């Protein structure tokens, strides 16, 4: 028990060290990539699986760190250092896909296809034989996620990019890889996938695989969009059924992510709830509005408006910042 507690303190210390370094350091960090203000892409609703639902234009131009092939790398500082992150690569590709559709620039096409080809090469089996995009570095979240960890968020956004690459180029390899990556979204966590049942007719898609699960909201919603894109592209009944199960879970539980003055980042299971940061609260607002339109669920737009009202209220913002800081000090 003492060793477990000591490990937890050490993990929090490493995490806080990286956060301080990322926020206060002068050089670009991994946060340079992630924290682009969420922007709904209105062009995305003009056709099925056309432009992606968020713009990602700043991410499309990310060039702080790249490998020799032009694939972005993120700098996590400290002992983690420069790493490929499959979620970041998919988002970089999706942003460039959007810009290619807008401008027709060949370089934008070359970039999103480089990202799609990286996803093709790096879809590999986990220890249960399920094909996933692995993060090849340790990461302290609630528990330490050991190198090789995988995520519904990576699977969903990788599928979204591969479906668009297939529709744009006609290459079967992209659709085959999307099918293989989608499979992990249908497999339960216990069997090497990223899905958790929610009663007899629902499903969670887990951004991080921990026990007990935390149901990170932004990752669940982004993964759902990947299921939607695969359903539209493939026409497979399995994808339609999974999308319906996820929609039922979202409708059942969205209220549990509302604390009365702000949105929750996740279902942390801790005495003090884990609120979203201002960035993630803004992301939730955008994501719920998009999901409402994608799935024809107007009640999600109502939640989006409610959370936007919280963000516009100075008292709510101050209360959320204080509670978020206290949570970080007490937990992770």
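The values are calculated or read from the model by the stated rules, or taken from the named source; none is laboratory data. Treat the numbers as computed from the prediction; the structure is a model and nothing was measured. With ideal geometry, Cβ positions are generated from the backbone for all residues, glycine too; neighbour counts draw on all protein chains shown.
Scanning the range 195-207 for residues that are over 18 Å from residue 159 (Cβ atoms) and assigned to a loop (DSSP other than H, G, I, E, B) yields 199, 200, 201. Can you say whether residue 294 is in contact (Cβ under 8 Å) with a residue 12 or more places away in the chain and touching a helix residue (DSSP H, G or I) at 6+ places or on another chain (Cβ under 8 Å), as far as the supplied structure shows? Yes. Within the range 45-59, the residues that satisfy the criterion of being more than 15 Å from the chain's Cα centre (by Cα) and in a loop (DSSP other than H, G, I, E, B) are 46, 47, 48, 49, 50, 51. Residue-level analysis places residue 62 outside the set of residues that are crowded, with 19+ Cβ neighbours inside 10 Å, touching a residue at least 40 places away in the same chain (Cβ under 8 Å), part of a loop (DSSP other than H, G, I, E, B) and in contact with a helix residue (DSSP H, G or I) (Cβ under 6 Å, 6 or more places away or on another chain). Is there a residue being surrounded by 16 or more Cβ atoms within 10 Å (Cβ to Cβ) and within 20 Å of residue 172 (Cα to Cα) anywhere in the range 241-254? For the range 241-254, residues surrounded by 16 or more Cβ atoms within 10 Å (Cβ to Cβ) and within 20 Å of residue 172 (Cα to Cα): absent. Scanning the range 169-209 for residues that are buried (at least 17 other Cβ atoms within 10 Å of the Cβ), farther than 20 Å from residue 125 by Cβ and touching a strand residue (DSSP E or B) at 6+ places or on another chain (Cβ under 9 Å) yields 196, 198, 203, 204. Go through the residues of the range 160-168 one by one and say whether even a single one is touching a helix residue (DSSP H, G or I) at 6+ places or on another chain (Cβ under 9 Å), under 20 Å from residue 239 (Cα atoms), modelled with pLDDT of 95 or more and surrounded by fewer than 21 Cβ atoms within 10 Å (Cβ to Cβ). Taking every residue of the range 160-168 in turn, at least one turns out to be touching a helix residue (DSSP H, G or I) at 6+ places or on another chain (Cβ under 9 Å), under 20 Å from residue 239 (Cα atoms), modelled with pLDDT of 95 or more and surrounded by fewer than 21 Cβ atoms within 10 Å (Cβ to Cβ).
Answer with yes or no whether residue 78 is modelled with pLDDT of 95 or more, assigned to a loop (DSSP other than H, G, I, E, B) and over 19 Å from the mean Cα position of the chain (by Cα). No: the conditions fail for residue 78. All conditions in (1) over 18 Å from the mean Cα position of the chain (by Cα); (2) under 30 Å from residue 163 (Cβ atoms); (3) assigned to a loop (DSSP other than H, G, I, E, B) hold for residue 252, with the sole exception of (3). Condition test on residue 87, is it within 18 Å of residue 290 (Cβ to Cβ) and crowded, with 18+ Cβ neighbours inside 10 Å? Considered against the rule, which asks whether it is within 18 Å of residue 290 (Cβ to Cβ) and crowded, with 18+ Cβ neighbours inside 10 Å, residue 87 comes out as yes.
Does the range 320-332 contain any residue that is surrounded by fewer than 18 Cβ atoms within 10 Å (Cβ to Cβ), touching a residue at least 24 places away in the same chain (Cβ under 8 Å) and under 15 Å from residue 217 (Cβ atoms)? No, every residue in the range 320-332 fails to be surrounded by fewer than 18 Cβ atoms within 10 Å (Cβ to Cβ), touching a residue at least 24 places away in the same chain (Cβ under 8 Å) and under 15 Å from residue 217 (Cβ atoms).
Counting the residues of the range 146-193 that are touching a residue at least 12 places away in the same chain (Cβ under 8 Å) and in a helix (DSSP H, G or I) gives 33.
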